[in-house]
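S.K.: Pasting a structure below so you can have a look.
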Amino acid sequence: MRNRLIKQVLAISLIWATTATVAHAETDTSFKDTLAVQGLKLESSALNYQADASKGETLANQRCIACHGDAMLSMMKTYPDLKGQKAAYLFKQLVDFKRGDRTDPLMQAQAGMLSETEMKDIAYYYSRQTASDLSQ
Ligand code: HEC
């Protein structure tokens, strides 16, 4: 009898712990706890901003697809595929381009037009896509 009660309590605690972890992982889209972002010394409004994939999709389709879409990727072997890369990594590259810590004339111009919150939206959107198979 007592054993059964202990087992029930344990089972409930386990379910609670698992749900809490999953819920946290799904809801925090700020990627502020990643090493890539920690080094950037962002204002707290940008650091804590929760990325929105649908806003990112709209921006990506307006401004990035011409070079980072499949059609261009299969022609230009040096253009990186952004799809499926880690959001924090992509975000850091954009901040670095804008600050001049990473140099590329095309990308510095592109990143210069984005706010840090827009960069998070786009980075999050691309991180959720599946990388293209460009082998054919
Ligand atoms: C005119 C073409 C062009 C456009 C438009 C463009 N990019 Fe790029 N992008 C490039 C090229 C070329 C590189 C590779 C630069 C290098 O070799 O360092 C690059 C690199 C990047 C990288 C680094 C990827 C990595 O793996 O390190 C990111 C992130 C990126 N672009 C994001 C974007 C986003 C977001 C947009 C839209 C706002 C965008 N780019 C629009 C040409 C473009």
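The values are calculated or read from the model by the stated rules, or taken from the named source; none is laboratory data. Worth saying up front: this structure is predicted, and the values here are computed from it rather than measured. Don't worry about glycine lacking a Cβ; one is built from the backbone with ideal geometry, like all the others, and counts go over all protein chains shown.
S.K.: Among the residues of region 34-52, is any touching a Phe, Trp or Tyr at 6+ places or on another chain (Cβ under 9 Å) and within 11 Å of the ligand (Cβ to nearest atom)?
M.R.: No, there is no match, as no residue in region 34-52 is touching a Phe, Trp or Tyr at 6+ places or on another chain (Cβ under 9 Å) and within 11 Å of the ligand (Cβ to nearest atom).
S.K.: Looking for something part of a loop (DSSP other than H, G, I, E, B), touching a Cys at 6+ places or on another chain (Cβ under 7 Å), over 19 Å from Tyr49 (Cβ atoms) and assigned by TED's automatic domain parsing to the domain that holds Ala51 - is there at least one such residue anywhere in region 76-91?
M.R.: Step one: list which residues in region 76-91 are part of a loop (DSSP other than H, G, I, E, B), which gives 76-86.
From the residues that got through so far, the ones that are touching a Cys at 6+ places or on another chain (Cβ under 7 Å) too are 79.
From what is left, the residues that are over 19 Å from Tyr49 (Cβ atoms) are 79.
With the extra rule that they be assigned by TED's automatic domain parsing to the domain that holds Ala51, the set shrinks to 79.
Checked against the condition, which is being part of a loop (DSSP other than H, G, I, E, B), touching a Cys at 6+ places or on another chain (Cβ under 7 Å), over 19 Å from Tyr49 (Cβ atoms) and assigned by TED's automatic domain parsing to the domain that holds Ala51, region 76-91 yields at least one hit.
S.K.: Consider Thr58 carefully, then state whether it is at pLDDT 95 or above and in the same structural domain as Glu116 (by TED's automatic domain parsing).
M.R.: Working: at pLDDT 95 or above: yes; in the same structural domain as Glu116 (by TED's automatic domain parsing): yes.
Yes; evaluated as a whole, the condition is true for this residue.
S.K.: With Arg102, Arg128 as the choices, which residue is without any contact (Cβ under 8 Å) to a residue 12 or more places away in the chain and of a type in the set (D, E, K, R)? Show your work before the answer.
M.R.: Details: Arg128 fails: without any contact (Cβ under 8 Å) to a residue 12 or more places away in the chain.
Arg102 is the lone residue from the list that is without any contact (Cβ under 8 Å) to a residue 12 or more places away in the chain and of a type in the set (D, E, K, R).
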